[in-house]
Structures are given as structure tokens and as C-alpha cells.
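The values are calculated or read from the model by the stated rules, or taken from the named source; none is laboratory data. Bear in mind that the values here come from a model prediction, so they are computed numbers and not experimental data. As a convention, Cβ positions derive from the backbone with ideal geometry for all residues, glycine included, and neighbour counts pool all protein chains shown. Surface areas here come from the heavy atoms of the whole protein model, side chains and all, with no ligands, DNA or RNA. Shrake-Rupley method; radii C 1.70, N 1.55, O 1.52, S 1.80 Å.
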Amino acid sequence: MFKGYESEISKIYSTLRDNETKALRSRKEEIKRVIPEVFEIEKEISKASISLAMTALKNEGNVEKSLKDIREKITDLRIKEAELLTSKGYPINYLEPQYTCNNCKDTGYINNNIRCSCYKKYMVHVYYKNSQLKDILRENNFDNFNINLFSNHKSDNVPVSPRKNIEKIWTSCSSYVKNFKNSNENLLFYGDSGTGKTFMSNCIAKELLDCGFLVVYRTADELIKNLREIVIEGNKDLEKLLIECDLLIIDDLGTEQKTDFSRSELFNLLNKKLLKRNKMLISTNLSPEDILKNYTERISSRLLGNFNIFKFYGEDLRIAKNLGRIN
Ligand SMILES: [Zn+2]
């Protein structure tokens, strides 16, 4: 699906297969030592399988009966082999290859060209490993969330204290992650710098990536650069990545350079994703009023109409953290 990752993913599959080939070889050696009769039976089975093929090829005499006889012989041998294995406490499939994914036998493909469902799991793994997210998310995750950094003190211009507010957001985000697969919900976080928007979106990213969803993170500025690459250089893979990922996080909307190009391409992207019901999480310092002022009506109406909006507020967490103030 995404160029550049394919060879890395196919390497993962070939390592899985190589490891299993080695493991199978050593299981065979072990059985040869512990139950040599099983090994003799294996030889007989492969001889019988060859004669089955030869009989079918020659097509002489009563072929149907001969084939039936050989098949029965193979079944008897298999039963005998299974009995011997289980009598010594081995599972009956001990001498068969054990795949991580039985659907594609660790090739990534079914019937040679259809991508197996397990492919996405490895794609997320490779994407995650190669993205800048990995380092950020080591620090920013729900486990490291410190609610004590948010003040209990409610000022007059807000309905609840910053701590109450963040608790509500936290609960909504947790259930967002839990219901992610079955919902079409898009999120818009707005508020001043340092009020926890990026932290919260990183927490969501980490949880979803760990569950095998493909999350792509871009600052608004990077996103516009990507859109330029898509439009001007025709980078189709990049377009596919941005549109088809499970969650596109756009951080710091409003800090990008706003031009006619950026506005119209941003609109196209939002629209395509909304139509495909592929989710987005946008964080911005712009209030809804600022959004209306800074963007065209087409963009604003989508942002304000199709996103669940959460307001973040409180004192700057980065400053509070540095001062060691907890209240
Ligand atoms: Zn598979």
C-alpha cells in the first residue's frame, strides 16, 4: 500500500518463515531421536504420496480403486503417527509447519495477490518504527498523564475548573479510543499553548497504534508540504497514506502558511476524508471564532460541523511543570 515499506514488511514475513523452517527442522530431529518409528512412518507417507501421483499419471487398470487404496493407507499411517506422538505427549501437528497466520501461511498474501488481513498489523509496526512518533509516545501516553498539573481553581469566565475540564476530556478520549473501530467521530482540540492538547492527541495515537490502527501524525505545516508534493509531484502513495490511514492527526492547525493553494488543498483533503469516513484529530490554538476568520467558509463549516469540539484551558503546563507547581 505504501511504497518503501513493502520491502521491510516482506522481510518480516521471510524472517517468520525462516524461523519456522529452522524450528520445524529441530522438531523433526527431536522426534527422530525420541520416537524413531514416527520417522519411519513419515518416510512411508512420502513414498505413498509419490505412488499416489504416479498411479494417477499412469492411468492403468482400475485407477479409482488403486487411488482409494493408497489414500486409505496414508490415512492409516497418519493415524498411527498421531497415536505415537500423543502417547509421548506431543501435539498431533508437531511435525507440521506452525504459522503465525494460517490464512496466508506467513506470506502476507492469499492466492498470490490478495493481501492478507495480517499485513496491516506489520504495516502499522513498520510505520510506527520509522516515524517520529515512537520517541514522542514513549513519554506521552495515558499512563504518564498527571491530572495534578491542572488547577482545581475555577475562574469566572469558564464553566468548570481546568482539572474538571480535563477529566471530562480524558473520559471522552478514553471512550473514543475504545469505540474507535465503530465510530465516525472526528475530534477538534482547541485552546492556548501548553494546555495539554498535543499530549492528549499523542495519548490517543499511542493507544490506537498499539491496537493496530494506522495513525499518521503531521503538523499543519508538514501537511501542507505533503499536499504540495501530492499535487505538484503526483505522489500517489503519500496521498493514499493521508487519506486512507485510520486516523490523521493534524497538529497546530493555523500555524501553516495560509495561501490559496493551502486553503483549497486543505479543503479537498478534509472533504475526501469526511466522505470516506476516515477519521481526523485536529489540534489548534485557534478558537472557533478565529477559525471562521482564518479559513474559508467551506473549511470552517466542515471543521465546526463535522468535528466534536473540545476546549482545553488552564495555565501553561510546560511552565507549571518546570516550576514544579502542583495544586
Ligand atoms: Zn496472514
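Side notes on the structure shown:
- Conditions (1) modelled with pLDDT under 95; (2) open to solvent by less than 60 Å² (accessible area, probe 1.4 Å); number of the one not met by H125: (2)
- Selected residue (only one of Y99, Y119, Y94 is surrounded by 13 or more Cβ atoms within 10 Å (Cβ to Cβ), within 32 Å of the chain's Cα centre (by Cα) and part of a helix (DSSP H, G or I)): Y119
- Scanning segment 262-296 for residues that are of a type in the set (D, E, K, R), crowded, with 18+ Cβ neighbours inside 10 Å and more than 15 Å from D221 (Cβ to Cβ) yields K273, K279.
- Residue count for segment 141-166, restricted to those that are part of a helix (DSSP H, G or I), open to solvent by less than 20 Å² (accessible area, probe 1.4 Å) and in contact with a helix residue (DSSP H, G or I) (Cβ under 7 Å, 6 or more places away or on another chain): 1.
One line per residue, one yes/no per condition, for (1) away from the ligand (no atom under 16 Å from the Cβ); (2) of a type in the set (D, E, K, R):
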{"site": "Q98", "(1), (2)": "no, no"}
{"site": "K120", "(1), (2)": "no, yes"}
{"site": "Y128", "(1), (2)": "yes, no"}
{"site": "L133", "(1), (2)": "yes, no"}
{"site": "D143", "(1), (2)": "yes, yes"}
{"site": "K168", "(1), (2)": "yes, yes"}
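- In segment 102-113, the residues that are near the ligand (Cβ under 6 Å from one of its atoms) and surrounded by 15 or more Cβ atoms within 10 Å (Cβ to Cβ): C104
- Here the condition is being closer than 20 Å to K276 by Cβ and in contact with a strand residue (DSSP E or B) (Cβ under 6 Å, 6 or more places away or on another chain); of L188, L214, L238, it holds for L188 alone.
- Close pairs from segment 93-110: first in contact (Cβ under 8 Å) with a residue 12 or more places away in the chain and farther than 15 Å from I9 by Cα, partner charged (D, E, K, R) and open to solvent by 80 Å² or more (accessible area, probe 1.4 Å), Cβ under 8 Å, at least 6 apart: P97/K105; Y99/K105
- Residue match in segment 27-48 (condition: of a type in the set (F, W, Y), open to solvent by less than 100 Å² (accessible area, probe 1.4 Å) and not in a helix (DSSP H, G or I)): no
- Residue in segment 40-57 that is closer than 30 Å to V124 by Cβ, free of Cβ contacts under 8 Å to residues at least 60 places away in the same chain and not aromatic (F, W, Y) present: no
- Of all residues in segment 307-324, those being of a type outside the set (K, R), open to solvent by 50 Å² or more (accessible area, probe 1.4 Å) and at pLDDT 95 or above number 2.
- Residues of segment 38-62 classified as farther than 17 Å from T75 by Cβ and within 44 Å of the chain's Cα centre (by Cα), total: 1
- Total residues in segment 177-222 satisfying the condition of being in a helix (DSSP H, G or I), touching a residue at least 24 places away in the same chain (Cβ under 8 Å), more than 22 Å from M123 (Cβ to Cβ) and out of contact with any helix residue (DSSP H, G or I) (no Cβ under 7 Å at 6 or more places or on another chain): the figure is 5.
- Test: residue in segment 49-56 that is touching a strand residue (DSSP E or B) at 6+ places or on another chain (Cβ under 8 Å) and either under 28 Å from K22 (Cβ atoms) or of a type in the set (A, V, I, L, M, F, W, C) (or both): no
- For beta carbons closer than 7 Å, sequence separation of 6+ or different chains, a first residue in segment 58-87 that is under 30 Å from E30 (Cα atoms) and a second that is aromatic (F, W, Y) and surrounded by 14 or more Cβ atoms within 10 Å (Cβ to Cβ), the qualifying pairs are L85/Y94.
- Residues in segment 214-261 that are open to solvent by 40 Å² or more (accessible area, probe 1.4 Å) and on the phi > 0 side of the Ramachandran plot: G234, D252.
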